[in-house]
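> Sharing a structure, written as structure tokens. Questions coming.
The values are calculated or read from the model by the stated rules, or taken from the named source; none is laboratory data. Keep in mind that this is a model prediction, so the values were computed, not measured. Positions of Cβ are generated from backbone atoms using ideal geometry, with glycine treated the same way; all protein chains shown enter the neighbour counts.
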Amino acid sequence: MNQFSYQADDETLRMISELAGWWGLPTTRHNTPVIARCVEREYLREKAKREMKEFDRLQNIEPDLLA
């Protein structure tokens with residue numbers, strides 16, 4: 001994994017802290033786990049959206065074209 005520097009503003013830090021509390025993470029040193037979970041959830045949401053579009057596309061193909 002690559003290291004990167006990210007300077008969060010106060011509002012973002014507040015939201016990260018609140019998410020950490022909701023998810024049962026420690027009250028300190030929680031930024032990386034929260035960011036990782038957010039990235040994972042957004043990745044899965046985007047992947048599911050793209051798969052649904054592909055599924056819908058395939059449903060609209062005439063049956064004889066699938067044979």
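> Give the number of residues within the stretch 22-44 that are at pLDDT 90 or above and exposed (fewer than 10 other Cβ atoms within 10 Å of the Cβ).
2
> Another question, then. Return yes when residue 64 is over 18 Å from the mean Cα position of the chain (by Cα), at pLDDT 85 or above and not aromatic (Phe, Trp, Tyr) and no when it is not.
On the way: over 18 Å from the mean Cα position of the chain (by Cα): yes; at pLDDT 85 or above: no; not aromatic (Phe, Trp, Tyr): yes.
In short, no.
> Quickly run through the stretch 1-21 and pick out the residues that are of a type outside the set (Ser, Thr, Tyr), surrounded by 10 or more Cβ atoms within 10 Å (Cβ to Cβ) and outside any loop (DSSP other than H, G, I, E, B).
Residues satisfying the conditions are 13, 14, 15, 16, 18, 19, 20, 21.
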